[in-house]
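Structure first, then comments.
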Amino acid sequence: MAAGWQDVVRDAAAVREAAAVAVDAALLAGVLMRTGEQPHASDVVNYAPFTLLPSAVPRALFEQAYTVQQDFNLLVDAISQNKEFLEQTLASTIKVDDFTARLFRIYMQVLEEGLAQTVFLGINRSDYMFDCGPDGRAALRQIEINTIAASFGGLTSRTTDVHRLVLKVLGKTEEASHLLPNNPAKGLALGIAKAWQLYGSQRAVVMFLVEEVQRNIFDQRCVENELWSRNIRVVRKRFRDVFEQGSLDASRRLYMDGQEVAVVYYREGYVPQVYDQQNWEARLLLERSRAVKCPDIATQLAGTKKVQQELSRQGVLEELLPGHPEAVARVRATFAGLYSLDEGEEGDRIAATAIADPDRFVLKPQREGGGNNLYGEELREVLEKIKDSPERTSYILMDKIRPQPALNYLLRAHSPLQVSECISELGIFGVYVRQGQQLVLNEAAGHLLRTKAVEHADGGVAAGVAVLDTPYLV
């Protein structure tokens, strides 16, 4: 933590006053979520959890994360167009992971039929932690890249103003002036708007594909309202609406209830639990359509953990990004150690190493949304059980990242105000649009800092563990 915060953390009276101001400021600014008790209603809401103080982030690592984001956009787009790479990389995973296998079958079916989609939109978020080495120096290490439903671009656009006010209340006006402007909602909407424009129909709508339970609706509304401000019509639909109302015409244009859909922006569809047979049929209908999917199914597959692990192998980045040696070097510099658990000698050796020393590693399944990874004794137990089974190939291993903790207060509705030892995770949003083979937009679109108490190994804001934060560059 920045040295300037130490005096504040220990001043109980100042903290209580600042926390009261912070909560009201969050409500005023629209840093909101629906409540767990009434997740379908917007007439009873509360503030989304956030830190009282902005957290220190090393300036050089923050800038490194921004610089490499366009390279990651290029890389994800290249993977999504490389059928041979996806087939080879996911061959072992789809034998044992039914969810990835179902996605892959739709991918192959759509390719065999021939793609109707000509404009491609990627909205991703690359997440990092700051690994503290034995010498005390921090290094940027990628946790994962989210290629579907990367959330909190809306609420984090409003969190900086809250932290700026808190610092002023605490007498730190100079420090408040150093907080960076940040508006991912605008950047994400810019990408959606560009894809809508290139689709080429003024009457067509943008469809947000949303969850059945929409606690995080205000985060989505931030992006939605940016589109309305550009006079782009937005509709919100669920998979079951697509099943009941969706249709394709002879040109494979997608219609929902008689309205043509230009862009499908997924805020749902990344976990197996949401798919019953009807929803799988709805997903296939969407993928077969000419509408711009964000992401299309190839891009969702590009974000799997197995692909992340394969990218760390010698020579793979060079094959995917030929003629871009600087981009390859920038991307590779962010990788933590990643290891395959495929069947064979290498997988056997890695599994045995992790069982012998589980605190060195994280065990990751092919899942998004937080709360899925395994650590320590739980990691050892699972690996012991599956070490001689093909099921182990549905996981990858990654070196455990060890950030330097700092003191902060995590503000949650109905929770006591107490200081916690915390660690942070930095996400950079990326947006790109490709028309045919031409990349027409490739940008970093803002950042997201999430912070959690050190006792929680895994989980994000939506999972109820991490809270929203703002970087204070040091």
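The values are calculated or read from the model by the stated rules, or taken from the named source; none is laboratory data. Computed from a predicted structure; not experimentally measured. Note that we place each Cβ from the backbone using ideal geometry, even for glycine, and neighbour counts take in every protein chain shown. Remember, those area values only see protein heavy atoms, side chains included, never the ligands or the DNA or RNA. Shrake-Rupley method; radii C 1.70, N 1.55, O 1.52, S 1.80 Å.
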Worksheet entry | FRET efficiency, Asp348 to Val316 (Cβ-Cβ, R0 22 Å, nearest 0.05) | 0.50
Discussion item. I'd like the Karplus ³J(HN,Hα) series for region 230-239: coefficients 6.51, -1.76, 1.60, θ = phi - 60°, whole numbers in Hz, and an x wherever there's a Gly or Pro.
Written reply: 9, 6, 9, 6, 10, 10, 10, 9, 9, 3
Worksheet item: Can you run phi through the Karplus equation (6.51, -1.76, 1.60; θ = phi - 60°) for region 24-37 and list ³J(HN,Hα) in whole Hz, with x for Gly and Pro?
Response: 5, 5, 5, 5, 5, 7, x, 7, 10, 9, 5, 8, x, 6
Fill in: Gain on full stretching of the segment that runs from Glu455 to Ala329 - 0.36 nm per residue minus C-alpha separation
42.0 nm
Worksheet item: What order do His447, His324, His414, His178 take when sorted by accessible area (1.4 Å probe), most exposed first?
Response: His414, His178, His324, His447
Fill in: Label zone at Asp359 (point 7 Å along Cα-to-Cβ), backbone N below 14 Å, region 394-434
400-402
Worksheet, complete the sentence: Taking every other residue with Cβ under 12 Å from the Cβ of Tyr395 and scoring Lys and Arg +1, Asp and Glu -1, one gets +4
Worksheet entry | Cleavage-rule hits, trypsin sites (Lys or Arg not before Pro), region 190-261, DSSP coil, Cβ neighbours within 10 Å at most 10 | Arg203
Item to complete: Can you tell me the relative contact order of region 337-400? Whole percent, Cα pairs under 8 Å, sequence separation 6 or more.
Response: 48 percent
Worksheet entry | Solvent-accessible area per residue, Å², over the chain with all protein chains present [probe radius 1.4 Å] | 41 Å²
Fill in: Space enclosed by the convex hull of the alpha-carbon atoms of region 337-400, per residue, Å³
73 Å³
Worksheet item: In whole percent, how big is the carbon plus sulfur part of the accessible area of the chain, probe 1.4 Å, protein atoms only?
Response: 47 percent
Practice prompt. Determine the calculated [θ] at 222 nm for the chain from helices alone, applying -39500 (n - 2.57) to every DSSP H run no shorter than 4 residues and normalising by the residue count; nearest 500 deg cm²/dmol.
Written response: -11500 deg cm²/dmol
Worksheet item: How far is the Cα center of region 13-65 from the Cα center of region 145-175, in Å?
Response: 8 Å
Worksheet item: All other residues with a Cβ under 10 Å from the Cβ of Ser424 taken together, and with Lys, Arg as +1 and Asp, Glu as -1, what is their net charge?
Response: 0
Worksheet entry | For region 275-286, Karplus couplings with θ = phi - 60° (6.51, -1.76, 1.60), whole Hz, Gly/Pro x | 9, 9, 4, 4, 5, 5, 5, 5, 4, 4, 4, 4
Worksheet, complete the sentence: Restricting to Cα pairs under 8 Å and 6 or more apart, the percent relative contact order of the chain works out to 26 percent
Fill in: Built amide H within the under 5 Å cut-off of Gly464, gap 5+
none
Worksheet, complete the sentence: Spelling it out for Leu449: with amide H atoms placed in the peptide plane at 1.01 Å from N, the residues 5 or more places away or on another chain with amide H under 5 Å from its amide H are Gly427, Asp469
Worksheet item: Which label marks the calculated value of P(r) over Cα pairs in 10 Å bins from 0, in percent, given the options (1) 3, 14, 17, 10, 5, 7, 11, 11, 8, 4, 2, 2, 2, 2, 1, 0; (2) 4, 18, 27, 23, 12, 5, 3, 3, 2, 1, 0, 0; (3) 4, 20, 30, 27, 15, 4, 0?
Response: (3)
Worksheet item: Cross-link partners among lysines for Lys172, C-alpha distance below 28 Å, same-chain residues fewer than 8 apart left out?
Response: Lys452
Practice prompt. Would you please state which residues of region 8-45 a label at Lys168 would reach in this model, taking the label point 7 Å out along Cα→Cβ and a backbone N cut-off of under 13 Å?
Written response: 22, 25
Item to complete: Highest first, please rank the peptides 110-117, 50-57, 26-33 by the mean number of other Cβ atoms sitting within 10 Å of their residues.
Response: 50-57, 26-33, 110-117
Discussion item. Tell me the net charge near Gly171. Cut-off is 14 Å between Cβ atoms, Gly171 excluded, with +1 for each Lys or Arg and -1 for each Asp or Glu.
Written reply: -2
Discussion item. Expected output is a single nm value to one decimal: the length gained when fully extending between Glu281 and Asp399, i.e. 0.36 nm times separation in residues minus the C-alpha distance. What is it?
Written reply: 38.7 nm
Practice prompt. Hey, can you grab everything whose amide H is under 5 Å from the amide H of Val57? Only 5+ residues off in sequence or another chain; H modelled, so Pro and N-termini drop out.
Written response: Tyr472, Leu473, Val474
Worksheet item: Considering only Cα-Cα distances, which of the following residue pairs are longer than 32 Å: Lys83/Lys237; Lys168/Lys194; Lys186/Lys237?
Response: Lys168/Lys194
Worksheet entry | Inter-part distance where region 280-350 and region 85-101 are each reduced to a Cα centre, Å | 12 Å
